[in-house]
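The values are calculated or read from the model by the stated rules, or taken from the named source; none is laboratory data. These figures come from a predicted structure and were not determined experimentally. No Cβ is skipped: glycine too gets one built from the backbone with ideal geometry, and neighbour counts run over all protein chains shown. In case anyone asks, the SASA skips ligands and DNA or RNA and just uses the protein heavy atoms, side chains included. Shrake-Rupley method; radii C 1.70, N 1.55, O 1.52, S 1.80 Å.
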Amino acid sequence: SAAAAGSTAGGSALGVSGSSAAGSAGVGSGGSGGSGAGAAPKLQKTRCIDPAKVTPGKEVSFPCDGVNLWVAMPAACQMHSCGVIFNIHGGGMSDHATMDQATNMIALGNQADYVVVHPHKGTWNVASDRTAVFDFLQQTIMAFGIDPKRVHSTGYSQGGQLSWALACEHADVVASVAPAEEINRVTDCFKPDRLPARPLSILFAYGKRDSIGGGYDAAQGLAKDVASAWKLQGPETIAGQESAKYWRQRWTGQDGHVFEFISHDYTSTGVGGVLAGHCLPMANGETFVSCSTPVDYSWGEEVLKFFQAHPLP
């Protein structure tokens, strides 16, 4: 299933933690390399990633600790510092391409100046692999001179768990996240004494018929826990309604950060219908993890718009 567990990926690569990742890449507030806005980014080879081997417009794979890091870099990112989006697959997904097909993230990122990375393992051991995934993110920041205000992660199923973990444990590096079809299982944050290092904006999506990712009641409970822990105002309905196929709610913090929760009542025919509501809405096209059409929105498009609206302050 898309929430199965597997083997560990490996350990740390750069030996840096927290916001030092951006600093080690020489990224300043005026742009990559501290060389001012509009300047070409400082590209650096890391233990696993060689930016000199990346051709704009073509995906390149960098093997690293049992994981293939599939990187797509827009041509513009050779000219100025870009953001980065990790688009992390769920368990049991045998190829990296499905996540891009289900979200159109490479094409969206290319239009909006984001390096898009699809780390591929097949099945994650989230409890241990979250350390490796953060290391891959740090390597990407360094390799491509990433804008430190535009570091984001989204993911489906186990990839959603990994995105929750990045938000919980590395909020000093990650600007905003968008986990789908999984609750926060592997960290105990959003308890009063275990909050992320700073409040960050989160877009969370969950299917009412999803019984794989923890269950809809658990997803609703997590939304309430986040809102309570951060003392957020809301919720307000910003799209759809509770009784409809699509319902989007928003809670807002005093500093302007938001928590948005999308509930959907779509189903998938993928894997013989076993996935049911454990699916990603996509208005056009179909993959085995896509919700059956018609749907009211495309998840990848909503994720990109959310990330663009919520960089690091």
Exercise. With charges only on Cβ, +1 for K and R and -1 for D and E, what is the dipole size of the stretch 168-244 about its Cα centre, in debye, rounded to 20?
Worked result: 100
Exercise. What full-extension length gain, to one decimal in nm, is calculated for ALA107 and LYS149 as 0.36 nm per residue of separation minus the Cα-Cα distance?
Worked result: 13.0 nm
For this session: Before rounding to the nearest 500, sum -39500 (n - 2.57) across all DSSP H runs of length at least 4 in the chain and divide by the residue total; then give [θ] at 222 nm in deg cm²/dmol.
Result: -7500 deg cm²/dmol
Exercise. What accessible surface, in Å², does a 1.4 Å probe find on THR269, ignoring ligands, DNA and RNA and rounding to the nearest 10?
Worked result: 90
Exercise. Rounded, prolate or oblate: which fits the stretch 138-291 when a ≥ b ≥ c are the square roots of the eigenvalues of the alpha-carbon gyration tensor, with rounded for a/c under 1.5 and prolate only if a/b beats b/c?
Worked result: oblate
Exercise. Along the positive direction of the dipole of the chain (beta-carbon charges: Lys, Arg +1; Asp, Glu -1; about the Cα centre), which of ILE146, THR293, TRP230 reaches farthest?
Worked result: ILE146
Problem set entry | Relative contact order computed over the chain (Cα-Cα under 8 Å; 6+ residues apart), in percent | 17
Exercise. Dipole of the chain, Cα-centred, from +1 at each Lys and Arg C-beta and -1 at each Asp and Glu C-beta, to the nearest 20 debye?
Worked result: 480
Seminar exercise, completed: per DSSP, antiparallel bridges as share of beta bridges in the stretch 162-292, % nearest 5, sits at 55
Problem set entry | Given charges at beta-carbon only (K, R positive; D, E negative), |dipole| of the stretch 152-291 in Debye | 140
Exercise. Which whole-number percentage describes the relative contact order of the stretch 226-313, with Cα contacts under 8 Å and a sequence gap of 6 or more?
Worked result: 17
Exercise. Evaluated at 37 °C with a viscosity of 0.692 mPa s, what Stokes-Einstein diffusion coefficient in µm²/s does the chain have when Rh comes from the Kirkwood expression over alpha-carbon pairs?
Worked result: 171
Problem set entry | Viscosity 1.567 mPa s, 4 °C: Kirkwood-radius Stokes-Einstein D of the stretch 107-201 over Cα pairs, µm²/s | 94
Exercise. Computed over the Cα atoms of the stretch 68-119, what is the convex hull's projected area averaged over all directions, in nm²?
Worked result: 3.4
For this session: For the chain, build the charge dipole from Cβ charges (+1 Lys, Arg; -1 Asp, Glu) around the Cα centre, then report which of GLY207, VAL54, VAL177 sits farthest towards its positive end.
Result: VAL54
Seminar exercise, completed: In whole percent, the fraction of accessible protein surface over the chain that belongs to carbon or sulfur atoms, probe radius 1.4 Å, stands at 49
Exercise. So what is the relative contact order of the stretch 132-228, in percent, for Cα pairs below 8 Å that sit 6 or more residues apart?
Worked result: 23
